[in-house]
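**Student:** The structure's right below; bear with me while I get my questions together.
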Amino acid sequence: MPSSRESALPPSWQTAAAKDRWWKRVAEAPHSVLMLDYDGTLAPFKLDRMEALPYPGIEERLSRLLALERSSVVLVTGRSRREIGQIYPASAQMEVWASHGWEHAFADGQYYMAPLREEQKAILHDLMHELEARRLPASAVERKPASIAIHWRGLEPSEQDLLRRSALKPFERFVPGGEVELLPFEDGVELRATGRTKGDAVRDLRSRFSTETPIAYLGDDHTDEEAFGAMDPADLALLVRPAPRGTLADYWMAAPEGVLEFLDGWIEALANDTDYST
């Protein structure tokens, strides 16, 4: 779906003139929706991805948000639903879109997995066997329900280069626009089945709420651009990075300080602790 947003270098949310107007919208709305990426947004990147626990203060603030009425907290992640549940057990209390939109789980236990085409299943099955035969480090290869990710975070440059050449060789035969697509992410690449993205999570949420409902999305990676591009013009898209880059997001902020401040703002707006009348 074409986006109405344009890629540009975003201004800082910290100094944005629109902040007070946004919090006023959240405070006055019957309901609001906060969509959050996990890695790089709520948690730092780690060499061992299972050690990527939320930044200090994140869990406490999300617990407060979940306890407040008039708002939904939705987790949108490239991790599998199983893995995000292991590393962040509190996600069981939220609606979760995992595996870049292929998995969809609710706090009441409902779970849906979008069906892969037979060709996609065969490609991922055969490719996984090929990668296993290359005897890559177990920590470097992540098999998800609809993709295979190769990680080289924390490795020496020579080791990264060796892993790239060894791991990417099997990917070279796949052409854009086919059953699978090759996507870069922070310190790695992922071969993902085509047909679902994080943008599908945004479109699903948008279809369930009125256009007046304040919806914000916080994400750091290139895959989050698919979500930014799916948002309505009145929604709020925030890029989470140490420094801005070209993006479809409206503003940028740094983690964890900017994210913690943003969560505090949402809590205050819902609790009506702030006077927005001026």
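Bear in mind these aren't lab numbers, they're just calculated from the coordinates by the rules spelled out. Model, not experiment: these values are computed from the prediction. Cβ sites come from the backbone with ideal geometry, for glycine too, and all protein chains shown count toward neighbours.
**Student:** Under a Cβ-only charge scheme (Lys and Arg +1, Asp and Glu -1), can you give me the dipole magnitude of region 118-193 about the Cα centre, in debye to the nearest 20?
**Tutor:** 140 debye
**Student:** Let me ask something additional. May I ask for log10 I(q)/I(0) of region 65-218 at q = 0.09, 0.15, 0.19 Å⁻¹, from a Debye sum over the Cα atoms as equal point scatterers with solvent left out?
**Tutor:** Per q value, in the given order, log10 I(q)/I(0) is -0.34, -0.86, -1.20.
**Student:** Same structure, new question: Could you give the C-alpha radius of gyration of the chain expressed as a fraction of 2.2 N^0.38 Å, taking N as the number of residues it contains?
**Tutor:** In units of the 2.2 N^0.38 Å rule of thumb, it is 1.02.
**Student:** Once amide H atoms are built 1.01 Å from N in the peptide plane, which residues 5 or more positions from Met35, or in another chain, come under 5 Å H to H?
**Tutor:** So Met35 has HN proximity to Val74, Ala216, Tyr217, Leu218.
**Student:** For a footprinting-style exposure proxy, rank Glu130, Glu268, Glu156 by other Cβ within 10 Å, fewest first.
**Tutor:** The most exposed by this proxy come first: Glu156, Glu130, Glu268.
**Student:** Compare the Cα positions of Ala114, Trp266, Ala17 along the charge dipole of the chain (+1 at Cβ of Lys, Arg; -1 at Cβ of Asp, Glu; about the Cα centre) and return the one farthest towards the positive end.
**Tutor:** Final value for the positive-end residue is Ala114.
**Student:** So how many Å³ per residue does the convex hull of the Cα atoms of region 74-116 work out to?
**Tutor:** Looking at region 74-116, the number lands at 56 Å³ per residue.
**Student:** Return the ratio Rg/(2.2 N^0.38 Å) for region 1-93, where Rg is computed over Cα atoms only.
**Tutor:** Here the Cα radius of gyration is 1.28 times the empirical estimate.
**Student:** Can you work out the Karplus-derived ³J(HN,Hα) for every residue in region 231-240? Use 6.51 cos²θ - 1.76 cosθ + 1.60 with θ = phi - 60°, whole Hz, and x for glycine or proline.
**Tutor:** 7, 6, x, 7, 6, 10, 10, 10, 8, 9
**Student:** Now, a different point. Could you list, in their original order, any pairs among Lys46/Lys169; Lys46/Lys144; Lys121/Lys144 whose Cα atoms are separated by more than 21 Å?
**Tutor:** The answer is Lys46/Lys169.
**Student:** Hey, another quick one. Enumerate the aspartates and glutamates that Lys198 could reach by cross-link, defined here as Cα to Cα under 12 Å, with residues fewer than 8 away along the same chain left out.
**Tutor:** The qualifying aspartates and glutamates are Asp37, Glu103, Asp221, Asp224, Glu225, Glu226.
**Student:** Another question, if that's okay. Amide H neighbours of His151 under 5 Å, counting only residues 5+ apart in sequence or on other chains, H built in-plane at 1.01 Å?
**Tutor:** Val141, Glu142
**Student:** Right, something else. Going by C-beta contacts inside 10 Å, put Phe45, Phe106, Phe185 in order with the fewest on the left.
**Tutor:** Placing the least packed residue first, the sequence is Phe106, Phe45, Phe185.
**Student:** Can you list, largest first and rounded to whole Å, the semi-axes you get for region 38-79 by taking the square root of 5 times each eigenvalue of its Cα gyration tensor?
**Tutor:** Over the Cα atoms of region 38-79, the semi-axes work out to 23, 12, 6 Å.
**Student:** Can you list the aspartates and glutamates whose alpha carbon sits under 15 Å from that of Lys24, skipping same-chain ones fewer than 8 residues off?
**Tutor:** Of all the aspartates and glutamates, those that pass the test against Lys24 - Cα under 15 Å, at least 8 places apart if same chain - are Glu212, Asp235, Asp264, Glu268, Asp273, Asp275.
**Student:** Which three extents, in angstrom, do the Cα atoms of region 118-193 have along their principal axes, listed largest first?
**Tutor:** Principal-axis extents of region 118-193 (Cα, largest first): 37, 23, 20 Å.
**Student:** With angles folded into 0 to 90 degrees, how steeply does helix 19-28 sit against the dominant principal axis of the chain? Use alpha carbons for both and round to 10.
**Tutor:** Between helix and principal axis, roughly 80 degrees.
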